[in-house]
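Report on the structure given below.
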Amino acid sequence: MTTFRSSRVSPLLRRLLRPVLDPYRRYRNARVIHAVRVSLGLLATILLTTGINLPHGEWASVTMLVVIGGLQHHGNIGKKAAERAYGTLIGAGVGLLLVVQHAWLGLPWLTYFGMSVVCGFFSYHAIGKGGYTALLSAITVFIVAGHGDNPITDGLWRTVDILIGIALALAFSFALPLYAVYSWRYKLASALRDCASIYSRIVSGQSVTDDHYLTLLGRLNGVMVQLRSLMPSVSKEVRISMTELDGLQRNLRMCISTLEILANTRPDARDAQAMAQLQGALKAEHQQIRRMLIGMARALQSGTTLRLERTLDEPVTPTAMDEPVYSALDGYRLLTRQLAVNLNDMSQRLVKTAPHWKI
């Protein structure tokens, strides 16, 4: 990936281009950018097909929508667009063959039987890997051939329109790409900030049963699912192995699970003495955990990992994990220290993979 060097452009041009070149703004306005890109692509197909007066030019626009209308992230575009293009080409070829045999033999029943068998074959393969390619092939058969009684010239022109639509769709799909790694970075940063908010509520004695706490927890669980779905695209875009991404996902999942356990095992917030004892015993750990959570979130959002690298030189916990403890808060204290170890491991993974995700 090549990083845009803002120092090479004038300040005025930099300000004008910032909304489309700044990663965070592109992430926030991803839907708008995608909509504009598809709209411009459709306009290009309309102007081209009407400009050279191609019959049935509307099918170029239909193909444009089919190929990139639902694709957003750059990591999906290559594979998905190719799958949809293959499906369209296969269906167009089969549709032309059906039109030719219908015009040559003139046997409607044979045409209907052939279309049914072909579409049944595509439907068989529509369940499983490459299913959308097979389904789109079946749909394109009817676009090109109708019920077999379309003129051969109509079938040829529709095939040409489909090819034009595919070519333009692939061209516009790479215009101002929306990288999945942007969504992954900023969603992970948001999740870490929510973890920091939950941890602050736990150690400060605030309620862990009210609506605000449950909203934060529900949002974290939702982000976990979204991050998982983004991982294959991120891996393709920036060449981070799925093993590393799985490790970061596991770190986040362990962090959320540990926070839930801590929320349910902390002393009663109404017991001021127990809360004061807890805060005094784990003051260093509390500061370190919050510093790591906020530090990772800032590094992901800004792309600056220098401060994050410096924090890794600090000891994970000021007290050893095997230090004997004899109070009733043993489990809580050990979990807190284990949370710090887990977050330190996550920080190391982010620093290690930073050259890939900082684009």
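The values are calculated or read from the model by the stated rules, or taken from the named source; none is laboratory data. Owing to the predicted nature of the structure, the values given are computational and were not obtained by experimental measurement. All Cβ positions, glycine included, derive from the backbone under ideal geometry; neighbour counts span all protein chains shown.
Do you know which of the residues in the stretch 19-58 that are out of contact with any helix residue (DSSP H, G or I) (no Cβ under 9 Å at 6 or more places or on another chain), part of a helix (DSSP H, G or I) and polar (S, T, N, Q) is farthest from ALA175 (Cα to Cα)?
Out of the qualifying residues, it is THR50.
In the set LEU312, LEU306, LEU339, LEU329, which member is at pLDDT 85 or above, assigned by TED's automatic domain parsing to the domain that holds LEU220 and not polar (S, T, N, Q)?
LEU339
Give me a count of the residues in the stretch 226-244 that are part of a helix (DSSP H, G or I), touching a residue at least 60 places away in the same chain (Cβ under 8 Å) and of a type in the set (A, V, I, L, M, F, W, C). It would help to see each step written out before you state the result.
Taking the stretch 226-244 and keeping what is part of a helix (DSSP H, G or I), we get 226-238, 242-244.
From what is left, the residues that are touching a residue at least 60 places away in the same chain (Cβ under 8 Å) are 230, 232-238, 244.
Subsequent filtering for residues that are of a type in the set (A, V, I, L, M, F, W, C) retains 230, 234, 238.
Final tally of qualifying residues: 3.
In the stretch 123-152, what count of residues is obtained for those that are aromatic (Phe, Trp, Tyr) and either outside any helix (DSSP H, G or I) or in contact (Cβ under 8 Å) with a residue 24 or more places away in the chain (or both)? Before you say what the answer is, go through the steps one by one.
Restricting attention to the stretch 123-152, the residues satisfying the condition of being aromatic (Phe, Trp, Tyr) are 124, 132, 142.
With either outside any helix (DSSP H, G or I) or in contact (Cβ under 8 Å) with a residue 24 or more places away in the chain (or both) added as a condition, the list becomes 132, 142.
Qualifying residue count for the region: 2.
Just one of (1) modelled with pLDDT under 80; (2) among the small types (Gly, Ala, Ser); (3) more than 20 Å from LEU42 (Cα to Cα); (4) touching a helix residue (DSSP H, G or I) at 6+ places or on another chain (Cβ under 6 Å) trips up GLY146, so point out which.
Every listed condition holds for GLY146 apart from (4).
With the requirement that a residue be touching an Asp or Glu at 6+ places or on another chain (Cβ under 9 Å) and modelled with pLDDT under 75, what does the stretch 61-110 give you?
Within the stretch 61-110, HIS73, HIS74, GLY75 qualify.
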